[in-house]
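S.K.: Once you've had a glance at the structure underneath, I'll fire off some questions.
The values are calculated or read from the model by the stated rules, or taken from the named source; none is laboratory data. What you see is a predicted model, and the numbers here were worked out from it, not measured in a lab. No Cβ is skipped: glycine too gets one built from the backbone with ideal geometry, and neighbour counts run over all protein chains shown. Keep in mind that these areas ignore ligands, DNA and RNA; they rest on the heavy atoms of the full protein, side chains included. Shrake-Rupley method; radii C 1.70, N 1.55, O 1.52, S 1.80 Å.
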Amino acid sequence: MIHYFLDPILKAPTIGCIAMCLVCSLVGVLIFIRKESLLGETLSHAAYPGIMLAALLTLLPSVKLPLTLCILIGAGLFSYLALKLLDLSKKRLKMSPDSALSFVLTLFFGLGITVASLLQNTYSLLYKQALVFLFGQAATITDPYMYLSISLAVLVVSVILFFYREIQITNFDPIFAQTIGIRTQRIDRLTYLLMVASIVIGIRSIGLFLLSGMFIAPAIAARQWSHKLHRMFIFSGIIGALSGFLGIYSSFELSVAFSKGGHSLSFATGPMIILTSSSITIFSLLFAPKQGWVSRFLKIVTFKFKCTQENILKSLWHFAQQTDLGVAPQKVWNYQSIPRISSLLVTLYLYLKGEILRNKSLIMLSPSGRIKAQNIVRLHRLWELYLVHIGVGKEKVHHNAEEMEHIITPHIEEKLLKLMKHPTKDPHNQPIPLKEPAL
Amino acid sequence: MNLNLSDALKVDHLTVNYDQISVLWDISFTVPKGKLVAIIGPNGAGKSTFLKAILGLTPSLSGQVQILGSSKKSQIKKVAYLPQRESIDWNFPITVEELVLQGRYPKLGLFKRIRKRDREAALEALNWVDMTDYAHRQINQLSIGQQQRIFLARALLQDADLYFMDEPFAGVDSLTEQFIFTFLKGLKKKGKTLFVIHHDIQCIPKHFDWVMMINARLITCGEVSTHFTQENLDQTFGRNTNLFEEVFNLSHKKHLGVDHS
């Protein structure tokens, strides 16, 4: 892998791509916290007519600039123009933000296609050269372009380090920011400037169509792993740079692997980068601790498991009030609202944990199980009493307490006890069992 | 100009326009230090604009604002602002501690690092609003009341002399409401002056010393005991102002080109 950074042919594409992806993923966080994720899409597509018109302009004898430079200027100009038009549509024409975004996108894109088809039919060689910017062509990145990307990366990182506090407050609480003397408009303008710059330089490696993905995916992924802004920048940057490298790595390796035996199959870098970063995002959405889907799913399952355990213990406690001999497990399970097989498994679990004892075909609570069950009954009755206390009818309280007995924390229990002065009887005149320390 | 050092806020002929439309109209008043001032008025009467204009966030067409006896630019560190709930992005990646620390930013400036001392001050402010246990939580995990408390903590950390609060009671439960009032009165005891946009008119005599009534123009500004009268309330909210509002709204529409009469 290390030869990607040393090989004279691979070095510029690799480092250039990594730098650009780093830039996009950092600027992406800025856009993410502004909740303007679609802006990247609109502004990058708006560069399309700029690219095509710039390519046309190079045909004029008076234009002496190289094609790449012309195209970069054209792309930047049109992105900026789109930004201004967006502003105008929102403020002066009273368009809603999402209508304005789609409107400007299609307007510029339509213009782009018109010029492109003109170019395609008359100067097809030039058109092919311009196409590099639409789909990106990392493999042909040269040293100057690499240095350009690195400079932009250094600039973006410095701006974020330098203005971190301003960025944080301006995007979180703009009015407060102004009251403490921050010029929020300057921060806004800086953000947009960085964005247009990343689009202009980024389209060469990732391509105009997919570029906006690099603004969005790493930021979403990073948000899953942290709820602090500075960490979000760090994670997003890492994810972005990693996607850049893995994208270029997989595109080269796959192209080589599939080109054996005469056929050649090429895997473009831009799409590989986007696929990598999107995979990381999907992985993050699923597996991030705390916020990820799997983690939330496990929490729900754990909670339901706890409820079932407590319900079974509670049922056994009620039976124990009638007989000391134990009870057939089927009788207990009849009281549970879950499938019998789940009840069976949970009962088995409680038996292995030592909270249920077995006497031939009958089961009963162990001393430690009894204490647990008693606490649940206690919370249930305390809650019923509290509900009556705040004016709920006696006959209505049981159902709600069935749920809340699993929820009430020791802290809330203490508050309840204090509020109702350590009661001994519940609303149905049943005793509230005293709290016993666990064995 | 008559300079009185015991005045917290002195406003002369303040007029604010949005696109040639007057939102606030020739407002003049003086509030002495150490008062808890309620700002009331109907929806859209320009209360929030009023606060923003005083803070210099909205350009005013004319008028002068003096905070603690001098022009506002130099006084910015003496003023704390509590935003309206709606202007906040509650899903923003920020923890309670980080949010409260923002109150320290004016002192720190751009480049000074956050030191241990600053963190301790932030924790102390959190302790004041009884939220120490939540320091490392993300703000969207809090209840509305808790969210309001941490914003109070941030304002406290700013150690300002004047506090401007845009509806700190919006959406909070009665327990938090009591808490906020105790908090505000605590600040007042320390000699701070507080301006609070408020909706619950009933409780004004109980909790506030001063009242300002605004409906595009200043109806009244003075002690609750003498100025919180039915007559003033009628002028602010009542029927006899209907025509004023109607013409006012019509002028808005004409200027925006959305008038179809």
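S.K.: Which aspartates and glutamates does B:Lys206 reach when only Cα atoms under 15 Å apart count, and residues fewer than 8 places away in its own chain are ignored?
M.R.: Reachable aspartates and glutamates: B:Glu177, B:Glu223.
S.K.: Of the DSSP beta bridges with both residues in the protein assembly as shown, give the percent that are antiparallel, rounding to the nearest 5.
M.R.: Around 60 percent of the beta bridges assigned by DSSP in the protein assembly as shown are antiparallel ones.
S.K.: By a straight-distance test (C-alpha under 16 Å), which aspartates and glutamates pair with A:Lys415 as possible cross-link partners, with residues fewer than eight away in the same chain excluded?
M.R.: A:Glu384, A:Glu405
S.K.: Turning to a different aspect of this structure: Please list 3J(HN,Hα) in residue order for region B:32-49, calculated via the Karplus relation 6.51 cos²θ - 1.76 cosθ + 1.60 where θ = phi - 60°; whole Hz, with x for glycine and proline.
M.R.: Values per residue, Gly and Pro as x: x, 5, x, 10, 9, 9, 8, 10, 10, x, x, 4, x, 7, x, 5, 5, 4 Hz.
S.K.: Within straight cross-link reach of B:Lys253, meaning Cα distance under 18 Å, which aspartates and glutamates are found once same-chain residues fewer than 8 apart are removed?
M.R.: Output for B:Lys253: B:Asp19, B:Glu245.
S.K.: Moving to a separate point now. Using unit Cβ charges (K, R positive; D, E negative) and no other charged atoms, how large, in debye to the nearest 20, is the dipole of the protein assembly as shown about its Cα centre?
M.R.: Result for the protein assembly as shown is approximately 1260 debye, rounded to the nearest 20.
S.K.: By per-residue mean of other Cβ atoms within 10 Å, what is the highest-first order of A:359-369, A:238-248?
M.R.: Highest-to-lowest ranking by the protection proxy: A:238-248, A:359-369.
S.K.: Still on this structure, please answer the following. Have a look at B:Gly171, B:Thr193, B:Ala160 and report the one farthest towards the positive end of the charge dipole of region B:112-261, computed about the Cα centre with Cβ charges (Lys/Arg +1, Asp/Glu -1).
M.R.: Highest projection toward the positive end goes to B:Ala160.
S.K.: Quick one: if you take sqrt(5λ) for each eigenvalue of the C-alpha gyration tensor of region A:367-439, what semi-axes come out, biggest first, whole angstrom?
M.R.: Semi-axes (√(5λ), whole Å): 20, 13, 11.
S.K.: In whole percent, what relative contact order does chain A give with Cα contacts below 8 Å and a gap of six or more residues?
M.R.: 16
S.K.: B:Tyr18's amide H: which non-local residues (gap 5+, or another chain) put their own amide H closer than 5 Å, with H modeled 1.01 Å from N in plane and none for Pro or chain starts?
M.R.: HN-HN under 5 Å from B:Tyr18: B:Val23.
S.K.: Give the carbon-plus-sulfur fraction of the accessible surface of chain B in %, rounded to a whole number; probe 1.4 Å, heavy atoms of protein chains only.
M.R.: 49
S.K.: What does the accessible area per residue of region B:165-261 come to in Å², with a 1.4 Å probe and no ligands, DNA or RNA counted?
M.R.: 54
S.K.: Could you run the numbers on buried accessible area between B and A, total for both chains, 1.4 angstrom probe, in Å² to the nearest 100?
M.R.: Interface area, both chains combined: 2600 Å², rounded to the nearest 100.
S.K.: If you wrap region B:118-227's Cα atoms in a convex hull and average its projection over all directions, what's the area in nm²?
M.R.: It is 7.9 nm².
S.K.: List the relative contact order of chain B as a percent without decimals, with contacts defined as Cα pairs under 8 Å and 6+ residues apart.
M.R.: Once divided by the residue count of chain B, the mean separation gives 26 percent.
S.K.: Please report the net charge: other residues with Cβ closer than 14 Å to the Cβ of B:Gln148, K and R +1, D and E -1.
M.R.: Local charge sum for B:Gln148: -4.
S.K.: If you take all C-alpha pairs in region A:3-290, what percent of them are over 28 Å apart?
M.R.: 39
S.K.: So, counting K/R as plus one and D/E as minus one, what does the shell of residues with Cβ under 9 Å around B:Gly63 add up to?
M.R.: Local net charge: -2.
S.K.: Separate question: With the calculation restricted to Cα positions, what are the radius of gyration and Dmax of region B:4-256 in angstrom?
M.R.: 18.7, 58
S.K.: To one decimal place, what orientation-averaged projected area in nm² is obtained for the convex hull of the Cα set of region A:305-438?
M.R.: 8.2
S.K.: Per residue in region A:140-179, which ones lose no less than 20 Å² of accessible surface when going from chain alone to all protein chains (1.4 Å probe)?
M.R.: Those are A:Phe162, A:Arg165, A:Glu166, A:Gln168, A:Ile169, A:Phe172, A:Asp173, A:Ile175, A:Phe176, A:Gln178, A:Thr179, which lose 20 Å² or more relative to the chain on its own.
S.K.: Right, next: Please report, in debye to the nearest 20, how large the charge dipole of region A:27-163 is about its Cα centre when each Lys and Arg carries +1 at its beta carbon and each Asp and Glu carries -1 there.
M.R.: The dipole magnitude comes to about 380 debye.
S.K.: For chain B, what is the mean residue ellipticity at 222 nm derived from helices alone (per DSSP H run of n ≥ 4: -39500 (n - 2.57); sum divided by total residues; nearest 500 deg cm²/dmol)?
M.R.: Mean residue ellipticity at 222 nm (helix-derived): -10000 deg cm²/dmol.
S.K.: Continuing with this model, one more query. Sorting check: for A:190-198, A:317-325, which peptide has the highest mean count of neighbouring beta carbons within 10 Å, and how do the rest follow?
M.R.: Order by mean packing, descending: A:190-198, A:317-325.
S.K.: Let me know the mean shielding of B:94-105 by other chains, meaning the per-residue number of their Cβ atoms within 10 Å of its Cβ.
M.R.: 4
S.K.: If one puts a single equal scatterer on every Cα of the protein assembly as shown and applies the Debye formula without solvent, what log₁₀ I(q)/I(0) results at q = 0.07, 0.08, 0.12 Å⁻¹?
M.R.: -0.72, -0.88, -1.23
S.K.: I would also like to ask the following. Can you flag which of A:Lys421/B:Lys188; B:Lys52/B:Lys188; A:Lys228/B:Lys112; B:Lys47/B:Lys192 are past 24 Å Cα-Cα?
M.R.: Exceeds cut-off: A:Lys421/B:Lys188.
S.K.: How many lysine pairs in region A:296-365, separated by 8 or more positions in sequence or lying on different chains, have Cα atoms less than 18 Å apart?
M.R.: Count of close lysine pairs: 7.
S.K.: Tally up the carbon and sulfur contribution to the accessible surface of chain A as a whole percent, 1.4 Å probe, everything protein left in place.
M.R.: Roughly 67 percent of what the probe reaches on chain A is carbon or sulfur.
S.K.: Using the heavy atoms of the protein chains alone and a 1.4 angstrom probe, what is the accessible area of chain A per residue in square angstrom?
M.R.: 51
S.K.: Per DSSP H run of n ≥ 4, the term is -39500 (n - 2.57); total these for chain A, divide by its residue number, and report the mean residue ellipticity at 222 nm rounded to 500 deg cm²/dmol.
M.R.: That comes out to -24500 deg cm²/dmol.
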